[in-house]
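Bear in mind that the values in this text are calculations on the coordinates, not laboratory data. Computed from a prediction, not measured in an experiment: that's the story for all the values here. Cβ atoms come from the backbone with ideal geometry, glycine included; neighbour counts cover every protein chain shown.
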Number of protein chains: 2
Amino acid sequence: MKRVFFEGYDDGRTRRLIGGGRFSVVYRLYGDEQTARGMAEDICTEQTVEFPVRLLPPGAIPQEIMGRVEDFRPEPESDGRYLATISFADETAAMELTQFLNVVFGNISIKRGIQVARIYPSDGIYSFLSGPRFGVSGLRGVVGVFDRPLLFTAIKPMGLSARDMAALASRFAEGGVDVIKDDHGLTNQTFAPFEERVCRCADAVREANAKFGRKAIYVPNVTAPATQIMARASHAKEMGAGGLLVTPGLVGLDAIRSLSGSDIGIPIFAHPAFIGSYALGKEGIACDALFGTLMRLSGADATIFPNYGGRFPLSKTECLAIADAAREKLGTLKPIFPAPAGGMELRNVREMTLSYGSDVLVLIGGGLFGIGQDIVANCRRFLDEVK
Amino acid sequence: MKRVFFEGYDDGRTRRLIGGGRFSVVYRLYGDEQTARGMAEDICTEQTVEFPVRLLPPGAIPQEIMGRVEDFRPEPESDGRYLATISFADETAAMELTQFLNVVFGNISIKRGIQVARIYPSDGIYSFLSGPRFGVSGLRGVVGVFDRPLLFTAIKPMGLSARDMAALASRFAEGGVDVIKDDHGLTNQTFAPFEERVCRCADAVREANAKFGRKAIYVPNVTAPATQIMARASHAKEMGAGGLLVTPGLVGLDAIRSLSGSDIGIPIFAHPAFIGSYALGKEGIACDALFGTLMRLSGADATIFPNYGGRFPLSKTECLAIADAAREKLGTLKPIFPAPAGGMELRNVREMTLSYGSDVLVLIGGGLFGIGQDIVANCRRFLDEVK
């Protein structure tokens, strides 16, 4: 990002934002037209100067600092909803994902009737949010599968010993699963401590790969206390992890960015736990902007989200929009894998591949256990479903 | 926390959780009785094993791993709401705030009709979440004010130069404000870079304190990219910061815990930006559990929240519940300051001190500017209102 500067630093009267671009956010606003227009104007100040406009010291603040309503219109086929496109100076985001998110939805997350519908980053934003390192084609290269959806499963349930988990991981790899992740609730519990679990599972997958000629990866969960995430991720890679599972609802989206941009250099899988409150209501952040755009901007190579028809409430329309946001043109960012999940069974797989196409990670967890005692055979049936 | 272990590690059949305590969460469930009972049972597995109970390998998983419904009843004076108290094994939380939050509300954040109403930590949880370092009495000691509400304001608006900000900070301190924070949107923008801003503002407050015999503190915003938070906080203290402002919605609640437990050792102020989506709806996390209990468990010494009667939608009942959760008995954790805010003016101060009592941080930001050109005089009027 070209840094923007102000002319004149000392007298406080002549400063003016120069050279700065602007990014835009489309907000869905609920109410009659007058109310919605008022909300749009309010967002322009609430998210930036957070100060009554009439009290702004004359000349002291560059006009460009404030949000600007670029477009305002009724939402087509809606009843009492408006779409306001508001632009913000790149410089307000300070080249930080955290502050970018704060401008997009900080204080207004506490106001009613506002939803982030869509985010349009600018070149300035892309200069520090360059997105995934691997994306769809990179992850396909890692697991060596180019012509079909990827198979994705989870080591579970919580409570198994690390040894039992490794045995499961081995069977998954033997049976043909491409990406084998920890259940997202596995962190560093005494019954399967992080180090023992990651070491055993990574070894198990490596051995199965060698024995059966496969390139499956083991993806441990590195969601952890703030000061331990990077160390766990780094250690996981040393032990043989082929990717990292992160839950940004618990550790912040910036944890994904920092891992993705680090020299650890293995694919990142984002998990949706604890972040659902943004996506469920009419307010918050639209699920495609959240699970698609924001996860991708943060640097995730795959975004796990609750699929329709399972045990979570998103609609098919919402889920397809997430997949679109994961893979559509977004600056020069690589497309990423949508990973629909949550109560999926083998019988859902055809529908999933029909809906999402080939560039999808089909995640079946508990559903791989219910169809027979032989996990390897179950995985083979899973593979047959996507071929 | 006494670590819990399993008997027998290798055969996977005889392990049993021993010595472990359980923490409890009260969930508010929406629906008829049968639906709500089903939701309660579902939470017990969704938040732990995340696995169909009928498929659990016999004997391999200690029964204690799963959540347990301890109480279930209609919510008094409600129409179609139930309260389910569910206990979880301490060990599922792995002595990590992040995983504790995941057990409390991870996957079920994506389900409808569930609100975290109240959290009852156990001794095991308190062993790693020991709460604030300063709390009410500690922060009073820092600013040397023992007999009245504390005055709290923000340096704003975004767009001022660091020099102008420092001039403002000086006037606030001269006028009698006790705690002078950065506006939460100030991070490291070119117009007032972190280092220059913190250095100038800390100096300005120190000089005003010396000149006018005061003990005001300057509280810079250290909300930042994940890998920079600790460094900015540490550097801020070196430059003379008297406290730290953190927005856990952007960086995770664990950032508060890690700062509070670090050797930086200055008070932590939690800001509510970007976390509102949890608190606004009937789902999510009840605002007293979020802004009160969780901020305090994380280690915040003061919790800023949107007050009733301003520009945010919380009700008086909700705000008083937040203040209660900030100050009521919670293990041996120190009580913390509620800091109601958001569009407050001098004319709101009496009502605020009547509602919240003396142990409150009264935060007025933009409202301190509208009553006259002389900021020092405005602060004196603010002080008069709480005396």
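Residue by residue through B:60-67, how many Cβ atoms from other chains fall within 10 Å of the Cβ on average? Could the numbers behind the result be given before it?
Numbers: counts 5, 7, 2, 1, 1, 6, 3, 0.
For this peptide, the per-residue mean of nearby foreign Cβ atoms is 3.
Take every residue in peptide B:191-201, count the Cβ atoms of other chains within 10 Å of its Cβ, and give the average of those counts.
Numbers: counts 13, 2, 1, 1, 0, 1, 0, 0, 0, 0, 0.
Mean shielding by partner chains, rounded to a whole number: 2.
So what is the 222 nm mean residue ellipticity for the protein assembly as shown from helices alone, if each DSSP H run of at least 4 adds -39500 (n - 2.57) and you divide by all residues, rounding to the nearest 500 deg cm²/dmol?
-9500 deg cm²/dmol
Taking all pairs of distinct Cα atoms, average 1/r, flip it, and tell me the Kirkwood hydrodynamic radius of the protein assembly as shown in Å to one decimal place. All intermediate terms of the calculation are to be shown ahead of the outcome.
On the way: mean 1/r = 0.0376 Å⁻¹.
Kirkwood radius, the protein assembly as shown: 26.6 Å.
Students often check this: by mean Cβ neighbours within 10 Å, which of B:23-36, A:329-342, A:289-302, B:111-124 ranks highest, and how do the rest follow? Before the final figure, lay out each step's value.
Values: B:23-36: 18.1, A:329-342: 21.9, A:289-302: 28.4, B:111-124: 20.1.
The densest-packed peptide leads the list: A:289-302, A:329-342, B:111-124, B:23-36.
What three numbers, in Å, describe the spread of the alpha carbons of the stretch B:135-386 along their principal axes, ordered from the longest?
Cα spread of the stretch B:135-386 along its principal axes, largest to smallest: 45, 42, 32 Å.
How many nanometers, to one decimal and shortest first, lie between the label point of residue B:112 and those of its other copies, if labels sit 7 Å from Cα toward Cβ?
Ordered by distance, the counterparts are at 2.0 nm.
Give, rounded to the nearest 20 debye, the magnitude of the charge dipole that the stretch B:135-386 has about its Cα centre when Lys and Arg contribute +1 at Cβ and Asp and Glu contribute -1 at Cβ.
So the magnitude is around 220 debye.
Going down the table (B:156/B:211; A:156/A:282; A:237/A:316; A:211/A:387; A:111/A:329), which pairs top 29 Å between alpha carbons? Walk me through the intermediate numbers first.
Working: B:156/B:211 23 Å; A:156/A:282 33 Å; A:237/A:316 36 Å; A:211/A:387 22 Å; A:111/A:329 31 Å.
The answer is A:156/A:282; A:237/A:316; A:111/A:329.
Order B:344-351, B:318-325 from most to least packed using the mean count of other Cβ atoms within 10 Å.
Working: B:344-351: 16.5, B:318-325: 21.0.
Final packing ranking: B:318-325, B:344-351.
Which three numbers, in whole Å and largest first, are the semi-axes of the equivalent ellipsoid of the stretch B:210-267 derived from its Cα gyration tensor as √(5λ)? Present the calculation step by step, with values, prior to reporting the outcome.
On the way: eigenvalues 103, 23, 20 Å².
Ellipsoid semi-axes (Å, largest first): 23, 11, 10.
Starting from the Cα of residue A:334, draw a straight line to each of the aspartates and glutamates and keep only those under 14 Å, dropping any in the same chain fewer than 8 residues away.
Partners found: A:301, A:324, A:359.
Using the 7 Å Cα-to-Cβ label point, sort the distances from residue B:324 to its equivalents in the other copies shortest first and give them in nm to one decimal.
4.6
Listing B:137, A:127 from the residue with the fewest other Cβ atoms within 10 Å to the one with the most, what is the order? Mind showing how you got there, number by number?
Details: B:137 12, A:127 16.
Placing the least packed residue first, the sequence is B:137, A:127.
What distance in nm separates the two pseudo spin-label positions at residue B:315 and residue A:54, each 7 Å out from Cα along the beta-carbon direction?
3.2
Quick one: what are the phi-derived ³J(HN,Hα) couplings along the stretch B:359-373, Karplus 6.51/-1.76/1.60 with θ = phi - 60°, whole Hz, x for glycine and proline?
Residue by residue, the stretch B:359-373 yields 7, 9, 9, 8, 9, 10, x, x, x, 6, 9, x, 9, x, 6 Hz.
Out of A:210, A:353, A:236, whose Cα points farthest toward the positive end of the dipole of the stretch A:135-386 (charges: +1 Lys, Arg; -1 Asp, Glu; placed on Cβ)?
The residue sitting farthest along the positive end of the dipole is A:210.
Starting with the fewest neighbours, write out A:161, A:109, B:234 ranked by other beta-carbon atoms found within 10 Å of each beta-carbon.
Details: A:161 21, A:109 26, B:234 17.
Going from sparsest to densest Cβ surroundings: B:234, A:161, A:109.
Pull up the DSSP beta bridges for chain B and report the antiparallel fraction as a percent, rounded to 5. Intermediate results must be reported in sequence, preceding the final value.
Details: 23 of 46 bridges.
Looking only at bridges with both residues in chain B, the antiparallel portion is about 50 percent.
If you wrap a convex hull around the alpha carbons of the stretch A:18-126, what volume per residue comes out, as a whole number of Å³? List each step's numbers first, then the result.
On the way: hull volume 10.9 nm³, N = 109.
Cα convex hull per residue, to the nearest whole number: 100 Å³.
Separation of the stretch A:40-110 and the stretch A:335-374 by C-alpha centroid, Å?
39
Starting from the Cα of residue B:78, step 7 Å along the direction of its Cβ; do the same at residue A:146; then give the gap between the two resulting points in nm.
5.6
Shielding by partners for A:363-375, please: the mean number of other protein chain Cβ atoms within 10 Å of each residue's Cβ.
Working: counts 0, 0, 2, 7, 2, 1, 6, 4, 1, 0, 0, 0, 0.
That works out to 2 on average.
Could you give, in nm with one decimal, how far residue B:60 is from each other copy of that position, shortest first, with labels 7 Å out from Cα toward Cβ?
In ascending order, 6.6 nm.
When the Debye formula is applied to the Cα atoms of the stretch B:143-185, each taken as the same point scatterer, what base-10 log of I(q)/I(0) results at q = 0.15, 0.22, 0.24, 0.31 Å⁻¹?
Per q value, in the given order, log10 I(q)/I(0) is -0.38, -0.71, -0.81, -1.12.
Take residue B:35 and residue B:231, extend 7 Å from each Cα along the Cα→Cβ direction, and tell me the distance between the two endpoints in nm.
If labels sit at residue B:35 and residue B:231, their model points lie 5.1 nm apart.
Among A:201, B:287, which comes first, then next, by fewest other beta-carbon atoms within 10 Å?
On the way: A:201 33, B:287 24.
The fewest-first ordering by Cβ neighbours comes to B:287, A:201.
Express the relative contact order of the stretch B:135-386 as a whole percentage, based on alpha carbon pairs under 8 Å and six or more residues apart in sequence. Kindly include the intermediate steps, with their values, before the conclusion.
On the way: 514 pairs, mean separation 50.5, N = 252.
Reported relative contact order: 20 percent.
What dipole magnitude, in Debye to the nearest 20, does the protein assembly as shown give about its Cα centre under +1 on Lys/Arg Cβ and -1 on Asp/Glu Cβ? Before the final figure, lay out each step's value.
Working: 86 positive and 88 negative charges, 111 e Å.
The dipole magnitude comes to about 540 debye.
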